[in-house]
Amino acid sequence: MTETTEAQTLGFQTEVRQLLKLMIHSLYSNKEIFLRELISNASDAADKLRFEAIGSPELMGDDADLWIRIELDKEAKTIAIIDNGIGMSRDELIENLGTIARSGTAEFLGRMTGDEKKDASLIGQFGVGFYSAFIVAERVSVETRKAGSAEGARWSSDGQGEFTVEAVDLPARGTRVTLHLKADETEFAEAFRVESLIRKYSDHIDFPVTLASGGDAEDKVVNSATALWTRSRADVGDEEYREFYKHLSHDFADPLKWSHNRVEGKREYTSLLYIPSSPPFDLWNRDAPRGLKLYVQRVFIMDDAEQFLPLYLRFVKGVIDSADLPLNVSRELLQQNRDLAAIRSALTRRVLDMLKKMANEDSDGYATFWKGFGNVLKEGIVEDHGNRDRVAKLLRFASSAESGEAQDVSLADYLERTVDDQDAIYYLLAENYATASQSPHLERLRARGIEVLLLTDPIDAWVVDHLAEFEGKQLVDVARGELSLPDGDGQMTREADNEEHKALLKRIRRVLRERVESVNVSQRLVDSAACVVSGSDDLSPQIRRMLEASGQPVPESKPVLEINVGHPLVDRLSRESDDERFEALSGIVLDHALLAEGSQLDNPADYVSRMNRLLLDLDPAANREDGNAHDNA
Ligand code: ADP
């Protein structure tokens, strides 16, 4: 067809345009990473061909040795990265090098700040990739022929907004990426510079990487060409592990931690698992790619094999190389494989052990991990019954015993600080740290020196629900039901108090009956006049708000109002003889208790007008004017 042989000029998708700009700007001080990205792509292309050739050996033809080659031309100021891997069709070229398919990209790119350093790490969360070539190149051309096809295509662009694609004759399958270097980037056409970079970036790659520096210099193979995970742990340096991670993940930052293991015996496999240092931008997108890179006897089989780890460990990156799985294993076959469950549970344990070790030995590293992935790990409490205790030990919380909102208290820390006879782990759920740390519900516990964990993430309500207890101690919500404190006679004082203040409680209950289940004397409060608590079987206000927000039906339930009989406002209330004012005051006491726990008022306007009336009551001038002052006796 004529239309596919003619040169076509096409515009980059908007997101690509944005990414290109950001990449050139924010990664400039790390410009040499383009080479790692292009070598990674070449190595992936070789991997893919080796995989395709399992079922279609003719794709390999008589060119079965896969290689990568870097050609330098000082005169022409070019560096080319060449592979004899899978190649791309014309359509794939347009698709792969003209668009970004990951959802949420536009929104993510919108978060860039213009600050080089911040943006560089954000780009890292996105993954670097092919477009990094434009950091050093004023023009990039890609010539490629797909394995099994006779048609070649050339893509070419200056990275400004458009690219052209045309048909070309190419002698063999594979891809050649040529960078026409910017005038001040010609160091990347220098053999000594490029050779050291290739060593750094490609030593762990399973294919030979040859450097052809032109002139009189002979071509030479620069890397050792053994897949890194097949080497023994003792032979691999930390820097190599880090480089391999970047090759694997296209992450710009170093990994936090890794674990490399060979399992022998009934099932044989090698795994190399990494914990990244920051989450990818689409961590919360359920359809985002996740999982390990699967190899069978060193032959690449698939990316994103998500079957090997549970969803709550979706942040883990790495490789699994099995000796037992069939080479033709598909996602479906994998799902049915008898060994899968065993491997999955072993890998899960590995990751949890790695985290445990990091928590014990590297608290800064663990804090970084927790900040990025804590909320994902929490899903494990709900999802992974068998490892619940292990995951529980890895949880970290903000606490009333600490001064800041950092989540760094473990349940074990908490248990070490309990007071005599304390047999519960107290927690409070709230929308945010400010609400939690100043909540009236903490007052009595604070006064008694009892620590309360402050839970402010949306998933927390589910976590405590599923966890229920830790090392034999019940988790207790301080804003729910009756609170009996250690070594206290809560129950008895409560009944005695309720009896003593029966008349007041009844009177409040009468005026607020539409809004509260009951009214009690509080055992929780010291400084505040009142608080609301939920019944022991009711939904917590957090879950209620979340369900409401997602449009789900929420069962009716009214909170219990607890009042502090030692508070001057309650005292004032008890002496109020004017019924109308008693009702207004009671309503405000309840409104304030609801506001303090972070709830919305059902009728804010009504609150404002009641409040205004009371404020005017306090103003002698206003009283004089409307001549309607209440008797303040
Ligand atoms: P990523 O590698 O993260 O997917 P890139 O932007 O680096 O993103 O590359 C986009 C796509 O282009 C790759 O997924 C791959 O399909 C294709 N591609 C890039 N380089 C090559 C190559 N040398 N050979 C074959 N395909 C390639």
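The values are calculated or read from the model by the stated rules, or taken from the named source; none is laboratory data. What you see is a predicted model, and the numbers here were worked out from it, not measured in a lab. All Cβ positions, glycine included, derive from the backbone under ideal geometry; neighbour counts span all protein chains shown. Areas reflect the complete protein model, heavy atoms only, side chains present, ligands, DNA and RNA absent. Shrake-Rupley method; radii C 1.70, N 1.55, O 1.52, S 1.80 Å.
Each Lys and Arg Cβ is given +1 and each Asp and Glu Cβ -1; about its Cα centre, the stretch 8-219 then shows a dipole of about 700 debye. Applying both filters, DSSP loop and at most 10 other Cβ atoms within 10 Å, to the trypsin sites (Lys or Arg not before Pro) of the stretch 524-600 gives Arg575. Among beta bridges identified by DSSP and lying wholly in the chain, the antiparallel ones come to about 75 percent. Dipole check for the stretch 474-536: with +1 at the C-beta of Lys and Arg, -1 at the C-beta of Asp and Glu, and the Cα centre as origin, the magnitude is about 480 Debye. Measuring between alpha carbons in the structure, the pairs from Lys48/Lys117; Lys48/Lys74; Lys200/Lys371; Lys74/Lys293; Lys21/Lys48; Lys31/Lys74 lying more than 28 angstrom apart are Lys48/Lys117; Lys48/Lys74; Lys200/Lys371; Lys74/Lys293; Lys21/Lys48. The Cβ shell under 13 Å around Ala434 holds other residues with a net charge of -3, Lys and Arg each +1, Asp and Glu each -1. Sparse packing (at most 11 other Cβ atoms within 10 Å of the Cβ) combined with a DSSP loop state is found for the following trypsin sites (Lys or Arg not before Pro) in the stretch 72-127: Arg111.
Helix content alone sets the calculated 222 nm mean residue ellipticity of the chain: runs of n ≥ 4 DSSP H residues at -39500 (n - 2.57) each, divided across all residues, give -11500 deg cm²/dmol. The Cβ shell under 12 Å around Ala150 holds other residues with a net charge of +1, Lys and Arg each +1, Asp and Glu each -1. Each Lys or Arg adds one and each Asp or Glu subtracts one; over the other residues with Cβ under 12 Å from the Cβ of Thr210, this totals -4. Its relative contact order, with pairs defined as Cα atoms under 8 Å and 6+ residues apart, puts the chain at 9 percent.
Here the stretch 490-628 carries DSSP beta bridges of which approximately 50% are antiparallel, counting only pairs with both residues inside. Surface composition of the stretch 8-219: carbon plus sulfur atoms contribute 47% of the solvent-accessible area (1.4 Å probe, protein chains only, all chains present). For the chain, a/c is not less than 1.5, where a ≥ b ≥ c are the root eigenvalues of the C-alpha gyration tensor, and a/b tops b/c. That puts it in the prolate class. Each Lys and Arg Cβ is given +1 and each Asp and Glu Cβ -1; about its Cα centre, the chain then shows a dipole of about 660 debye. Computed from backbone phi, the HN-Hα couplings of the stretch 188-195 come to 7, 10, 8, 4, 5, 5, 5, 4 Hz, rounded to whole numbers (Karplus: 6.51 cos²θ - 1.76 cosθ + 1.60, θ = phi - 60°; Gly and Pro given as x).
A cut-off of 5 Å between modelled amide H atoms, ignoring neighbours fewer than 5 places along the same chain, links Met302 with Leu294. 3J(HN,Hα) along the stretch 50-58: 4, 5, 4, 6, 4, x, 10, x, 5 Hz, from the Karplus curve 6.51 cos²θ - 1.76 cosθ + 1.60 with θ = phi - 60°, whole Hz, x for Gly and Pro.
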